[in-house]
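Here the structure comes first, spelled out in structure tokens, and everything after it is commentary.
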Amino acid sequence: MIATQDRLRPGPAAIIALLLAAALLSAATRLSELLPVHDWWQVLVAPDLNSYAQVLVHDSVLPRFVIALVAGGALGLSGTIFQQVLRTPLADPSTLGVSAGAYLALAAAGLWAPALAVSARELIALAGGLTAFGLVFLIAWPHRLSPISLILAGLVVTLVCGAIAAAISLSYSLGMNGLFVWTSGSLTQNDWSAVSRLAPYAGLGCLGAALLARPLGVLSLSDEGARSLGLSLASVRLLSVLLAVMLAAFTVSAVGVIGFVGFAAPFIARASGARRLPQRMIAGIAIGAILLLAADEALQQAARFMREIPAGAATGLLGAPLIAIFLGRLPVVEAPVLPTAERRSRRPMLYLAITAIVLLALVWISLSLGPSLDGWSFASPAQMQSLLIWRLPRLAAAAAAGVLFALSGTVIQRMTGNPMASPEIIGVSTGAALGILLLVLLAPAFTPLTQLGAAAAGAVVSLAAVLLTGRRSRYNPDHVLLFGIAINTAFAALIAVLLGTGLPKVFGVMQWMAGSTYSTTPLQAMIAVAMAVVFLAIVPFFSRWLDLLPLGASSSRGLGLNISVSRAVLLLLSAVSAAVATLLIGPLSFVGLMAPHIARTLGFQRALSHMIAAAIAGAALTTLADFIGRVSLFPNQLPVGIVTTLIGGPYFLWLMRKQG
């Protein structure tokens, strides 16, 4: 039967075979440009150290070829094991946060314990990967390890790990370039050391997988069926997870973060007809190796015309279409929603006043309090006049961004009926960032207005894609989030590829993407505040729509609402709001998630009061983040986007845990 399936489904296998042939042809072409064919065997076994070409091939070209095969195979096997143990086709080291945890541990060790990072880098990466996966598992457990809970928790853990690594890097004045190197996943080699480190572990991983193949295959049965066969489920799952994390972490320690190879390889293996677990393991190893080799060869050929892009950044592009394909196969089920206030606030003005007072107090503290050479102190009235020139513009920009992100998040949550949606999670902010980056790279000159237009266009495209694809599932909350994650993944990978070009124009963009308000001018601050005021003045006109849309399409139509028009207008409103906020503090933020939820827990459930309270809460969050970023590493600073991610990521995970 399996052989029949293989014959009936040659397409994916044929594509992989073509990729392998193309990769081998590319490698042979590049090698022949460096050495004549009759010298190939000599350079492999006994290179002439006086020949630059032979040394280059022996110590760089060949190790790179081999490490691509070894790393790709290890990731393919790791993804296959994860998907078998967790019983979801969406699992892989990058979607579960394992790779991010491993690189964060390596980054921290490289700064604080460099000797240990050299001598025990594999163990450090393993510890980081296990910690990250443990956190994802803990958050997803109350949700019965559903695919959406695993992916959401893994995404947020990855973002938080990235923010922590950026904070560590900035605290040691290494800048964002060092962080990008850690996360880019480069296969460039200078010798055989990485191969000699990774290959033995990959071999041990294959041996361990072979020993676990039979008990792992039994896991495809129900838990009761597996126990009836005398299988210890906990032991098998624990050993299998340890093996999968080990393979992924050791790969990160050797070549950095390589995204979605562990996701794509098992997918293609199943599409090719592999059904039994041993077949899927072998196919996953082979396909993972071929995918990474083919991707790296394509990048090396492209490097003839442009600066070389790291392989890890490019393979991230595999994630979006595969998530979308799997999403079409998931059943449409109603997901539990976050707990909200059991009743409306009986004293809305009191709660609004308290929230506003908290915001004003944070503004005063942020403007007047700060560290100095003599310690912490509040500024005197005379000192305030000179400090306001520096502190007020950045504070105003941060607060305005908080208002705009909060309004965008509130509109998106009410429009989709999903209290865990936000412009940061479903790709709206990333789309705005991609629009700005493309403008910077393609336009010889641009104005603030054209920047806003580019950001708004990217945000509109992202949100429109999420809403259009969500129609199939009737805007099921889980599916909307997963589509958003797919778009977020694709745009983030494109951004990484563009940043990897190394063009001088992108370096300023890298700092902006971290969310820095350091260089905000008074004019920019005034424009930001004006935009926030304009949006606050506009949103009351759409409050009725936002009250009706969460009731569902049929109920909304019955009450006289034109669904298509209302969604189109609200889409534009939320996208432009998120675009302006992204221009101010970058795409890294969870304010669009946190502020609406804070307002909802205070009892504001009607749309108008919900948006106003969320706007005040959003301004308070970004004001606090700007203050923390300014004083925490004095005299250095942390960007607002990184601080809000460090606050919002744990907050999001807590919400997921609470929802479960």
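The values are calculated or read from the model by the stated rules, or taken from the named source; none is laboratory data. On a predicted model such as this, the values are computed, not experimentally measured, just so you know. Virtual Cβ from ideal backbone geometry, glycine too; neighbours counted across all protein chains shown.
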- prompt: From the residues in the stretch 603-639 that are of a type in the set (A, V, I, L, M) and modelled with pLDDT under 85, which one is nearest to Ala421 (Cα to Cα)?
  reply: Leu638
query: When Val55 is evaluated against the numbered criteria (1) among the β-branched types (Val, Ile, Thr); (2) without any contact (Cβ under 8 Å) to a residue 60 or more places away in the chain; (3) within 24 Å of Leu291 (Cα to Cα), which criterion, by number, is the only one it fails?
result: (3)
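Checking the conditions here, which among Val461, Val497 is surrounded by fewer than 21 Cβ atoms within 10 Å (Cβ to Cβ), in contact with a helix residue (DSSP H, G or I) (Cβ under 7 Å, 6 or more places away or on another chain) and modelled with pLDDT of 75 or more? I'd like the intermediate steps shown before the answer.
Numbers: Val497 fails: modelled with pLDDT of 75 or more.
Val461 is the lone residue from the list that is surrounded by fewer than 21 Cβ atoms within 10 Å (Cβ to Cβ), in contact with a helix residue (DSSP H, G or I) (Cβ under 7 Å, 6 or more places away or on another chain) and modelled with pLDDT of 75 or more.
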query: Is there a residue being modelled with pLDDT of 85 or more and in a helix (DSSP H, G or I) anywhere in the stretch 547-559?
result: yes
message: Suppose we filter Ala194, Ala234, Ala167, Ala226 for residues that are at pLDDT 85 or above, small (Gly, Ala, Ser), not in a loop (DSSP other than H, G, I, E, B) and not assigned by TED's automatic domain parsing to the domain that holds Ile647; which single one remains?
response: Ala194
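Can you name the residue in the stretch 569-613 that is hydrophobic (A, V, I, L, M, F, W, C) and assigned to a loop (DSSP other than H, G, I, E, B) and is also farthest from Ala459 (Cα to Cα) among such residues?
So the first thing to find is which residues in the stretch 569-613 are hydrophobic (A, V, I, L, M, F, W, C), and the list is 569-573, 575-576, 578-581, 583-585, 588, 590-591, 593-595, 598-599, 602, 604, 607-608, 611-613.
From what's left, assigned to a loop (DSSP other than H, G, I, E, B): 588, 590, 602, 604.
On the way: Leu588: 14, Phe590: 16, Leu602: 29, Phe604: 27 Å.
Filtering first and then ranking leaves Leu602.
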